[in-house]
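What follows is calculated from the coordinates using simple rules that are stated; it is not laboratory data. These numbers come from a predicted model, not from an experiment. Positions of Cβ are backbone-derived with ideal geometry, glycine not excepted, and every protein chain shown enters the neighbour counts.
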Amino acid sequence: MFTTVWTASPQLPSEGFTPNWSREGFWRQSLRQTVLLTGGGERVRIRLSHAYGTSPLRLAGASAATSGAPTRLTFEGGSGVEIPARGEAVSDAVPLAVTAGEPLTVTLYFEAATGPATFHAQAFTTSLRGEGDLLADVGGQGFDAVSESWYFLSAVEVDAGRTDGVALFGDSLTDGFGSTPGADRRWSDALARRTGRPVLNAGIGGNLLLNDSAWYGEKGVRRLRRDVLEQRGVDTLVVLIGLNDIGFSETDEQPTYKPAPVVEADELIAGYRELLRQARRGGLRVVGCTLLPFGGSNHWGEHAAKVSHEVDEWIRGSGEFDAVVDLHRVMADPADPDRLHPAYDFGDHLHPNDEGYEVMAEAVAVAL
């Protein structure tokens, strides 16, 4: 039985907030991406998402490696695959021993033009692009362009047979904004190290619970099924989302912060209840997290303060979650509980640094 041990939530091609290759796509080029696995096994397969494609995607070939020579991947026995618009493809399982905490490098070769690429905007690690077929390239010398996004690759599965996976569902706080790029210091990484369980990161920077965004993904209540419930081996959902719904209306007029309706606590609570309903139907245990303090950030204001306090009180006291982790209290400045502790602040009073993400992981590990 296969278990998902890494994920990246797909997004609509866009370039407005981070430079990337999603709109231009790929043609006669190889794409090399490295991901950190949170579970081990003897066989590996990958999932490729073409969720936002409008015409078929033709992949000429793929390979995977931990070290040394790459192993060729196949799709129903063939070297390549055609993925229909808005579809996905799963490779055949190949013998490749991997362990938790080990990086896996996946290389994709596109001979035909892909058109705009379904991608995950903020990877906080390096992806490489090179001209021609570089599937067998070991040292990477043929790759001459760098991006910090993931493209098409949406999941890695191994034959672990485990059913104790944990999915973290949220926005940039889950995606890892503020952590050191290339160091795997997101709180999903820290939680996997602390628990020894497969941990899936289903965060999208800027994501909203209640509204779709051209830049920051489909709304949480819609994408939960694809990004969590359809993953293999997950038994627990950890919810940390809603801060952007509250805070975008307090920000300046940056075009990426749209839509930015003024929301009330009861609207967000209805959204949380929809997540709970879907998760329970999928047989998952659900852990609710209070919102992190964000006083002094560009998301803060009188209305945001009121709604965030009301939402946190509901999460703490409603009894609707199977467990609650009060991240607001864990991460707060003792001298001003509406602000992040200075030792955990990345610098924008909104996102934690590496140390802060470790503290979040420790608190959630206790609840698990």
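Numbers at a glance
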{"item": "Spacing of the two label points (7 Å from each Cα toward its C-beta) at D235 and D212, in nm", "result": "3.6 nm"}
{"item": "Pair D266, A113: separation of 7 Å Cα→Cβ label points (nm)", "result": "5.2 nm"}
{"item": "Using θ = phi - 60° and Karplus 6.51 cos²θ - 1.76 cosθ + 1.60, couplings along the stretch 324-334 (whole Hz; Gly, Pro as x)", "result": "10, 10, 8, 5, 4, 6, 5, 9, 7, 6, x"}
{"item": "Simple spin-label estimate for Q254 and E302 in nanometres, 7 Å along Cα-Cβ", "result": "2.5 nm"}
{"item": "Relative contact order (percent, whole number), the stretch 3-157, Cα cutoff 8 Å, 6+ residue spacing", "result": "39 percent"}
{"item": "Fully extended contour minus Cα-Cα distance, from V366 to V90, at 0.36 nm per residue", "result": "95.9 nm"}
{"item": "In range of the label at R225: residues from the stretch 41-72 whose backbone nitrogen is under 14 Å from the point 7 Å along Cα→Cβ", "result": "none"}
{"item": "Additional length obtainable on full extension of the chain from T74 to R58, 0.36 nm per residue less Cα span", "result": "4.4 nm"}
{"item": "Proxy reagent accessibility, fewest Cβ within 10 Å first, across S297, S49, S318", "result": "S318, S297, S49"}
{"item": "Surrounding net charge for F110, when Lys and Arg each add one and Asp and Glu each subtract one, Cβ distance under 14 Å", "result": "-1"}
{"item": "Most mobile of H351, H309, H50 in a GNM of the chain (Cα contacts under 10 Å)", "result": "H309"}
{"item": "GNM top mover of T126, T107, T18 - the chain, alpha-carbon springs below 10 Å", "result": "T18"}
{"item": "From phi via Karplus (6.51, -1.76, 1.60), per-residue ³J(HN,Hα) for the stretch 3-16 in Hz, x at Gly/Pro", "result": "10, 6, 10, 7, 9, 9, 6, x, 9, 5, x, 6, 10, x"}
{"item": "Surrounding net charge for L96, when Lys and Arg each add one and Asp and Glu each subtract one, Cβ distance under 13 Å", "result": "-2"}
{"item": "The stretch 207-226 versus the stretch 311-333: alpha-carbon centroid distance in Å", "result": "22 Å"}
{"item": "Contour minus Cα-Cα distance for T18 and S318 (0.36 nm per residue)", "result": "104.2 nm"}
{"item": "Amide H contacts under 5 Å for D92, placed H, 5+ residues apart", "result": "T74, F75, E76, G77"}
{"item": "Footprinting exposure proxy for V228, V287, V138 (fewest neighbouring C-beta atoms within 10 Å first)", "result": "V138, V287, V228"}
{"item": "Ranked list, fewest to most other Cβ atoms within 10 Å of each Cβ, for R86, R72, R339", "result": "R86, R72, R339"}
